[in-house]
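Undergrad: Pasting a structure below so you can have a look.
Just so it is clear, none of the values below were taken in a lab; they were calculated from the coordinates. Bear in mind the structure is a predicted one, so any value in this text is a computation, not a measurement. Positions of Cβ are backbone-derived with ideal geometry, glycine not excepted, and every protein chain shown enters the neighbour counts.
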């Protein structure tokens, strides 16, 4: 049974339609790459799934339940963990406070998160706004993990980071796949990295899903056509 | 470093009121003890507001509503105990009481209930609308108190004797100060616990960005409402103590001036700082005592000071002395 199912999702920002029919299916423990060029609807799709944007048509199911009417906090409680674009940590709170504020009961607690990202343990009492970009990204992922999600949504998790730091984040994402059995929906522009960790992919073009399949089936032609690689 | 300095300053501020009261007791100056008691009570009201304003970013201009409800809870219960007339007989008998713990409980619960009702409506708005709606509730209760002749109407209600606390003579100024200070200490401790608990952190996070908080499974409206209720309950308790200090309640306790004064304690001391209201209330009482002796229009000087704080020292007294670590821009 699929964990997440989007069927012909449409969404708008006021009069401006952003999604024209997105289909996506994800099973427990799988990693799905959501790809497309800039402005094709990847972040809007993530926002629809996390309920920050209301969809105007189609169906959205998570864990076999229709979550289309849920507010964002209930979607998060149902098991959707969001690592938003731009990290968006709670700047004036310390690392420990950021994590403590988000904590929900489950396997992921402060000790496990710090074991996963040792640097966060070292920065425990440092305010989030004073962390480096990479550390803030780790904190954003750790904060989402503290909610003990079933599905982690990673929106441009490596954007704006130095190459070395990006590798660290990708290594962490790969370990998440290997260690936790979480399902991951990853939005990123790095095709090479996505090909390494994702089981399958969905490509968006002008707000529509135009290609879906196993990652190793993604041909060079398709990548050239829709991703401009 | 900043934390260590703030902790040291907090210890000094915490000790300031009892040391002042003890010195005044040694010098046989009961008036000074009464001023210290007033400062402790007003600090308590400020601590209440600071939970909503400092932690939650809720600029309530109607906290006088809870201060007044606490005051009138005390006034109504004590006046009925004084006259031996029950508050109501049908459908069940409710009598007045002179017992402080019972009065505090009633004041806290009624204020909390009022905060629940006011908060449930007000928190659906934000910004200037939230300020205006809380102000409107406060003013509604103010005019209600004026038009309530059973409890003194515009003239207010006098209580001839201070209420009782088991085993203590509350008419002794130092004893009553000790009671008020002990309550302030307990509430400060409780507030520090709340601020560090996941609830307080989530409240603080929701002040920064409510949408971000929602994505980690927290409903901002609900935690703000809980904070508003706790805030109102604490301010209501302060109102009951204030009425007991003066042995008098009047509609003024509900007025927007009172809301403004409570906010001034918080701003003067430092918004979001645990001991900010203590510093602010102590400074306010000091200014009232010193400047009030020089001129009847001492509020002008207070206004100038407030302008200076808002323009040049946004962290308030504590922020100026220890540095601005709490972000409340």
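Undergrad: Give the angle, between 0 and 90 degrees and rounded to the nearest 10, that separates the Cα long axis of helix A:133-146 from the longest principal axis of the Cα atoms of chain A.
TA: Rounded to the nearest ten degrees, it is 80.
Undergrad: Hey, quick one: spin label on residue B:192, modelled 7 Å out along Cα-Cβ, who in region B:251-275 has an amide N within reach, i.e. under 12 Å?
TA: B:274-275
Undergrad: Another one. Quote the relative contact order of chain A in percent (integer), defining contacts as alpha-carbon pairs under 8 Å separated by 6+ residues.
TA: 28 percent.
Undergrad: Right, next: Describe numerically, in nm with one decimal, the distance between label points set 7 Å from Cα along Cα→Cβ at residue B:310 and at residue A:214.
TA: Label at residue B:310, label at residue A:214, 6.8 nm between them.
Undergrad: Per DSSP helix of 4 or more residues, -39500 (n - 2.57); summed, then divided by the residues of the protein assembly as shown. What does that give at 222 nm, rounded to the nearest 500?
TA: -18000 deg cm²/dmol
Undergrad: Mind checking the mean number of beta-carbon atoms from other chains within 10 Å of the Cβ atoms in A:100-111?
TA: If you average over the peptide's residues, the count of other-chain Cβ atoms is 3.
Undergrad: Sorted by average packing, counted as other Cβ atoms within 10 angstrom per residue and highest first, what order do B:55-63, B:169-177, B:270-278 take?
TA: Final packing ranking: B:270-278, B:55-63, B:169-177.
Undergrad: Counting partner chain Cβ atoms within 10 Å of every residue's Cβ in A:140-152, what's the average?
TA: For peptide A:140-152, the averaged partner shielding equals 1.
Undergrad: Quick check: the distance between the Cα centres of region A:89-140 and region A:1-76, to the nearest angstrom?
TA: Each part's Cα centre sits 27 Å from the other's.
Undergrad: Of the peptides A:102-115, B:82-95, how do they stack up when ordered by the mean number of other Cβ atoms within 10 Å, highest first?
TA: My ranking of the peptides, most packed first, is A:102-115, B:82-95.
Undergrad: Can you tell me the FRET efficiency between residue A:7 and residue A:171 if r is taken as the Cβ-Cβ distance and R0 is 60 Å, rounded to the nearest 0.05?
TA: With a Förster radius of 60 Å, E is 0.95.
Undergrad: Only bridges with both residues in the protein assembly as shown count here: give the DSSP antiparallel percent, nearest 5.
TA: 60 percent
Undergrad: I'd like to compare B:293-305, B:236-248: which one has the highest average count of other Cβ atoms within 10 Å, and what's the full order after that?
TA: B:236-248, B:293-305
Undergrad: OK, next. Given Cα pairs under 8 Å that are at least 6 residues apart, what percent is the relative contact order of region A:64-195?
TA: Once divided by the residue count of region A:64-195, the mean separation gives 31 percent.
Undergrad: What is the Cα centroid distance between region A:147-169 and region B:109-184, reported in whole angstrom?
TA: 51 Å
Undergrad: Once you keep just the Cα pairs under 8 angstrom separated by 6 or more residues, what percentage relative contact order results for chain B?
TA: 32 percent
Undergrad: I want to check the label-to-label distance for residue B:90 and residue B:247. Put each point 7 Å from Cα in the C-beta direction and report it in nm to one decimal.
TA: With each label point 7 Å from Cα toward Cβ, the separation is 3.6 nm.
Undergrad: Using alpha carbons only, how many angstrom separate the centre of region B:217-279 from the centre of region B:33-79?
TA: 4 Å
Undergrad: Looking at the square roots a ≥ b ≥ c of the eigenvalues of the Cα gyration tensor of region A:88-229, which shape do they give, rounded for a/c under 1.5, prolate if a/b is larger than b/c, or oblate?
TA: Taking the square roots of the gyration eigenvalues as a ≥ b ≥ c, region A:88-229 is prolate.
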